[in-house]
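Reviewing the structure listed below.
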Amino acid sequence: MARILIVEDEKGISDFLKEGLTEEKFVVETAFDGAEGLQKILNNSYDVILMDWMLPKMQGVEVTRQIREAGISAPVIFLTARDTVQDTILGLRSGANDYLKKPFSFDELLERIRVQLRQKETSDNNVYTHRGVKINQDMREAYVDNQEIHLTQKEFDLLLYLIKNKNKVCTRDEILDKVWDIHFEYDSGVIDVYINALRKKIKAVKDINIIETVRGVGYIVKD
Ligand code: CA
């Protein structure tokens, strides 16, 4: 269940949102000023934050700026009566993901929340698994049967590229282009060296070979 924090000083609006969102099966928490909101965000994990613009103690823009500085990437949707272009830009620059003008319809808010949740899901899913080999793109970590294997940067990029393109033959030219960023005729022997290194590192943990050679063409990772 997704957790939502409402940072809003007007109790009427806060109550209304909390009730509606709870009915939609979200877990809802509230904060009534900017400082309280900041503390809660720093100490908890939320999937979406609804942030009023004008708040006592600390403005919504400032709260957002500070949580981004702290490395928190939870999506922030501003709820505000301010609707000039400058304010919108300021809000988005502070690190907000979306912007909704008061008064807004609950259905529209709900839709905006769902958009943010979908985007978050995609980014959380930057993890690719294949026959016990797991790659976490965001953390740049690779595992074989949950044991971490240490790859060089290019080995990692190469394995990630092959696994992302599972069940498709990756030609040598494509690999040079996408992994090495080389766009001209080049001795692609370097790829074999990296493929062999990858196979060895995987095999050191588990006796499998997930990268098949397609003779004269390239490589494939197959289900
Ligand atoms: Ca307010």
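Spot the failing condition for Ser73; the list is (1) among the hydroxyl-bearing types (Ser, Thr, Tyr); (2) at pLDDT 95 or above; (3) away from the ligand (no atom under 16 Å from the Cβ), and only one is missed.
(2)
Exactly one condition in (1) within 20 Å of the chain's Cα centre (by Cα); (2) open to solvent by less than 60 Å² (accessible area, probe 1.4 Å); (3) acidic (Asp, Glu) is not met by Asp52; state its number.
(1)
What pairs come out if I take residues in region 88-115 that are among the β-branched types (Val, Ile, Thr) and pair them with residues that are modelled with pLDDT under 90 whose C-beta lies under 6 Å away, six or more apart or interchain?
Close Cβ pairs (under 6 Å, with a partner that is modelled with pLDDT under 90) amount to Thr88/Tyr99.
Filter region 90-103 down to the residues that are open to solvent by 40 Å² or more (accessible area, probe 1.4 Å) and not charged (D, E, K, R), then identify the one that is nearest to Gln119 (Cα to Cα). Don't jump to the end; show me each part of the working.
Narrowing region 90-103 to residues open to solvent by 40 Å² or more (accessible area, probe 1.4 Å): 90, 92-93, 97, 101-103.
With the extra rule that they be not charged (D, E, K, R), the set shrinks to 90, 92, 97, 103.
Values: Leu90: 22, Leu92: 17, Asn97: 11, Pro103: 25 Å.
Only one residue tops the list, namely Asn97.
Checking Thr84 against (1) farther than 23 Å from Asp138 by Cα; (2) in contact (Cβ under 8 Å) with a residue 24 or more places away in the chain; (3) open to solvent by less than 70 Å² (accessible area, probe 1.4 Å): exactly one of these is not met. Which one?
With respect to (1) farther than 23 Å from Asp138 by Cα; (2) in contact (Cβ under 8 Å) with a residue 24 or more places away in the chain; (3) open to solvent by less than 70 Å² (accessible area, probe 1.4 Å), Thr84 is out only on (2).
Restricting attention to region 1-45, which residues are away from the ligand (no atom under 15 Å from the Cβ), surrounded by 13 or more Cβ atoms within 10 Å (Cβ to Cβ) and assigned to a loop (DSSP other than H, G, I, E, B)?
Correct list: Ala2, Glu24, Phe26.
Between a first residue in region 1-14 that is over 15 Å from Val63 (Cβ atoms) and a second residue that is within 11 Å of the ligand (Cβ to nearest atom), which pairs have beta carbons less than 6 Å apart while being 6 or more apart in sequence or on different chains?
Cβ pairs passing all conditions: Ser14/Glu8.
State yes or no: is Phe78 within 15 Å of the ligand (Cβ to nearest atom) and not in a helix (DSSP H, G or I)? Give the derivation first.
Values: within 15 Å of the ligand (Cβ to nearest atom): yes; not in a helix (DSSP H, G or I): yes.
Considered against the rule, which asks whether it is within 15 Å of the ligand (Cβ to nearest atom) and not in a helix (DSSP H, G or I), Phe78 comes out as yes.
Report the residue count in region 46-70 for those that are more than 16 Å from the ligand (Cβ to nearest atom) and free of Cβ contacts under 8 Å to residues at least 40 places away in the same chain.
First, the residues of region 46-70 that are more than 16 Å from the ligand (Cβ to nearest atom): 46-48, 65-70.
From the residues that got through so far, the ones that are free of Cβ contacts under 8 Å to residues at least 40 places away in the same chain too are 65-70.
Of the residues in that region, 6 qualify.
The values are calculated or read from the model by the stated rules, or taken from the named source; none is laboratory data. Source: prediction; values computed, not measured. Neighbour counts are summed over all protein chains in view; Cβ atoms, including those assigned to glycine, are modelled from backbone coordinates with ideal geometry. Each accessible area value is taken on the protein alone, full model and side chains, heavy atoms only, with ligands, DNA and RNA left out. Shrake-Rupley method; radii C 1.70, N 1.55, O 1.52, S 1.80 Å.
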